[in-house]
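Single-structure report; data block below.
The values are calculated or read from the model by the stated rules, or taken from the named source; none is laboratory data. None of these values were measured; they are calculated from a predicted model. So basically every Cβ, Gly included, is an ideal-geometry build from the backbone, and we count neighbours across all protein chains shown. Just the protein is used for accessible areas: all its heavy atoms, side chains included, with ligands, DNA and RNA removed. Shrake-Rupley method; radii C 1.70, N 1.55, O 1.52, S 1.80 Å.
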Amino acid sequence: RYRSMAGAFGALGGDPTCMNDNPAGLGVYRGTNLASITPHLGFTSTETSSDVKATSKDNNLSISNFSLVFSFMPEVNDYLVNFNLGLGINRRQQTFRNMNAVIDHPTGSMGEYLFEQANSYLDYYEMPADYLGTAEAWNDGNVPLLSVMGYESFAIRTDEDDPDYVTNPIFDKIYQQSNMCERTRNDHYNISMGANFNDVLYAGITFNIVDFNSMIEHCFTEDSERDMSGDFITYDNRVETKGSGFGINLGLLWKPTDQLRLGAAIHTPTWMDMKEYNDASMDAYNIMYRDACKYAEQFKEPLPQNWSDFNNRIEYSFSTPWEYQFSAAYIFGTQAILSFEYDLTDITTMKFSRKMYGSRADELYYDDMNKTQRQYVKAQHTFKTGIEYRLNPQFSLRAGYAYKSSPYDKKALFSDIKPSDISFVYRTATKLNYNTLDGQHYITAGAGWRSKSWNIDLSCVSHSIKEYYSPYTCDFTDSDIFNFNTHSLEWDLSFGYRF
């Protein structure tokens, strides 16, 4: 019911989903215990509005919600009508996406990126090029990790004419392919309490325990020939992020008349402990050095390893943004409901910080990252509206629409701004590609059947997302930025039993 009305439920309540929205709505239940479960089925596809060819089609089946609500009515109380307790498991976010992108004759190249990045470092620190091939370079935090990997994989090498710089492979023409896999889930375990005062004022609180897991894999290949017979560079990276945390939702619901309801809620940040696992490997082969590799001893050159692996684990603390919700609903007798909701998520208040046992250098690093992100993010606004029409006492039809604005400032969405300036999007050293979100649209519909003890609710949500994607940043070379449009169709079927 919540999803079929686009989530415009902050002033309505009487649904288990209010535990994650406005917990005051839990107080609307009166003398009724409820158990509900919601299977979820999602279909996702991606298309592009630019020259790059991209395809993605995925589907997934899961359980998105399980809830229990217990209602208690005091024997004698002049003000408290009833007090309710809610327990719930709610999947707030779920991403299941595979995407393949093919780019013919791109603006820049990975070879150029590695070449320019390495020479920029060598020039600034006045280091010889062969330092990139030493064990010290691996452990030197000032050395760009990709430069070390590129040197060890033979994607770049010492310039024979100038040992203080590196050379890069020369590609007459370039063919690029990106394969991306993204899996994200964000589960909330809720303990909620809601109270009803005189059937006029409702108050509630939810304690959230959050379990977050994200995995992003990216395989990037650049070749001078489509059949992989020429010069090539292959770069694979994988970032897995896990976290757990705790947050609180507070809410009020006021019913000044039998028809009008007004609601407000505040969601505190979720304070999370994060663990991030980074894995990357690079491989390269250059036709121009093929013979030199065969006779390495004669040329006094080390044999190229043709591989370079990196793995790392870091831990840090993270707090999500503050959220504020304001809602209103009007009840048209027993036949219809019209509801509105406005949500403000202040992205600028999210914060990275070191763990208690972290170093002073870690603290300075996260302080710098927080300052950088505040330059390129802004408050996110969400507008929701929903309607329900009851055909008879048992059967209802529902529809809704929601719009969620981009959390990024405009200067972070266009190609004339260097993605390196917004490295907070993907902060790991191995994550080369990046994407930013634009506005999101939700069109919803559904139906529900309700009896004295049972209820069945069906919803369908069409979700459209516009993203800006680049296979690598443009701080050291030109990079193509493409517009991806992702569409998902999500079905939920809830079963509820009152006892």
Open item on the list: Which order do the peptides 393-399, 108-114, 372-378 come out in when sorted by mean C-beta neighbours inside 10 angstrom, highest first?
Closed with: 108-114, 372-378, 393-399
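For R498, what is the net charge nearby, where nearby means another residue's Cβ is under 13 Å from its Cβ and Lys, Arg count +1, Asp, Glu -1?
Values: positive: R30, R450, K452; negative: D15.
Once positives and negatives cancel, what remains is +2.
Within the accessible area of the range 360-407, what % is carbon and sulfur when the probe is 1.4 Å and the other protein chains stay in place? Before the final figure, lay out each step's value.
On the way: 1480 of 2630 Å².
Carbon-and-sulfur percentage of accessible area, whole number: 56.
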Open item on the list: Taking the Cα of D273, stepping 7 Å toward and past its beta carbon, and measuring to each backbone N in the range 235-252: which are under 17 Å?
Closed with: 241-247
TODO: Please work out how much accessible surface D159 shows to a 1.4 Å probe, ignoring ligands, DNA and RNA, in Å² rounded to 10.
DONE: 40
